[in-house]
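Have a look at this one.
Bear in mind these aren't lab numbers, they're just calculated from the coordinates by the rules spelled out. Computed from a predicted model, the values in this text were never measured in an experiment. Counting neighbours? That spans all protein chains shown, and the Cβs are built from the backbone with ideal geometry, glycine included.
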Amino acid sequence: MVIKDWAKVTPKLSQPVLSCIEKQGFKTMTPIQAAVIPLIMSCKDVVAEAVTGSGKTLAFVVPMIEMLIKKQKEAPLRKDYVYAVIISPTRELASQIYTVIEQFLQEPELSHVTMALLLGGRPVEADVETIQKGAHIAVCTPGRLGDLLAERKQLNLAGRLKEL
C-alpha cells in the first residue's frame, strides 16, 4: 500500500520540510510523490514520468532538501561545493523550480543553504561569479550548464560538484 501522508513517509521527513509542506497547503502526497520520494530518500535511482501539475517538482525537491539536511548534520556545508544540480529544459520551468526551492530555504533551519538560478540570455560571467560566491544548489538550463562546464579557466564547476 502506498502511503500518502507526508508525516508517514519512510525514511521520515525532517521538521523543516514538513513545516514548509504544511505552509504550502499540501495535505497529502500525489501518486508520483508517494511513489518516488521514499525511493530517492533511500538513495535509489529513479526515472519517473507524470502529467503537468502532478507534483513532480516536490517529488525531487523534498528528497534533495532532506539529503542536504543530512549532509549538514555530518559536517557543515562547504561554501565552495555545489551539492545539487537541477537541469530544466526551459528558463520558465527553471524559474518555477527555483521558486519552489526558495520556499523551503525560508525555513530557519535551511536559511544557510544557498542557491543559484543559472540561465542563458545573460553573460556567462555573471553566473561564473555567482557560483564562485557559493551556491549549494544550482538550477539551470542545459545550455547554461554547458557554458559553465566549458569555463574551466575562470570556474572549475566539475571540481565544485560534490554530488550529482
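For the chain, give me the percentage of DSSP beta bridges that are antiparallel, rounded to the nearest 5 percent. It would help to have the intermediate numbers written out before the result.
On the way: 1 of 10 bridges.
Here the antiparallel bridges make up roughly 10 percent for the chain.
Given 10 Å bins starting at zero, what is the percent of C-alpha pairs of the range 1-73 in each, up to the one with the largest pair distance?
19, 59, 21, 1
Could you state the angle between the C-alpha long axis of helix 124-133 and the longest principal axis of the C-alpha atoms of the chain, as a value from 0 to 90 degrees rounded to the nearest 10?
60
The range 59-87 to the range 101-120: how many Å between their Cα centroids?
11
To the nearest 20 debye, what charge dipole does the range 76-164 have about its Cα centre, counting +1 at the Cβ of each Lys and Arg and -1 at the Cβ of each Asp and Glu?
300
Fewest first, what order do E66, E102 take by the number of other Cβ atoms within 10 Å?
Details: E66 20, E102 12.
So the ranking, lowest neighbour count to highest, is E102, E66.
Right, something else. How large is the dipole of the chain about the Cα centre if only Lys and Arg carry +1 and Asp and Glu carry -1, each at its Cβ, rounded to the nearest 20 debye?
Dipole of the chain, to the nearest 20 debye: 260 debye.
Something else now. Once you keep just the Cα pairs under 8 angstrom separated by 6 or more residues, what percentage relative contact order results for the range 1-73?
That works out to 33 percent.
Still on this structure: Roughly how many debye, to the nearest 20, is the charge dipole of the range 1-73 about its Cα centre, given +1 on each Lys and Arg Cβ, -1 on each Asp and Glu Cβ, and no other charges? Numbers along the way, then the final one.
Details: 10 positive and 5 negative charges, 48 e Å.
So the dipole magnitude of the range 1-73 works out to roughly 240 debye.
Would you work out the relative contact order for the range 13-124, in percent, from Cα pairs under 8 angstrom that are 6 or more residues apart? Don't skip to the answer; put the middle values down first.
Details: 64 pairs, mean separation 32.7, N = 112.
Relative contact order here is 29 percent.
Let me ask another. Between beta-carbons, use under 11 Å as the cut-off and find the net charge around Q132, counting Lys and Arg +1, Asp and Glu -1. Can you show the working numbers first?
Values: positive: K79, K133, R160; negative: D80, E125, D127, E129, E151.
Result for the local shell: -2.
Quick one: what do you get for the range 7-164 if you divide its Cα Rg by 2.2 N^0.38 Å?
1.04
Further question: Expressed as a fraction of 2.2 N^0.38 Å, the rule-of-thumb size for a compact globular protein of N residues, what is the C-alpha radius of gyration of the range 76-164?
1.02
Normalised by the number of residues in the range 76-164, what is the relative contact order in percent for Cα pairs under 8 Å and 6+ residues apart?
In percent, rounded to a whole number, it is 45.
As a quick test, which of the pairs K4/K79; K23/K73; K44/K133 have an alpha carbon distance above 26 angstrom in this structure?
Values: K4/K79 35 Å; K23/K73 24 Å; K44/K133 31 Å.
Correct reply: K4/K79; K44/K133.
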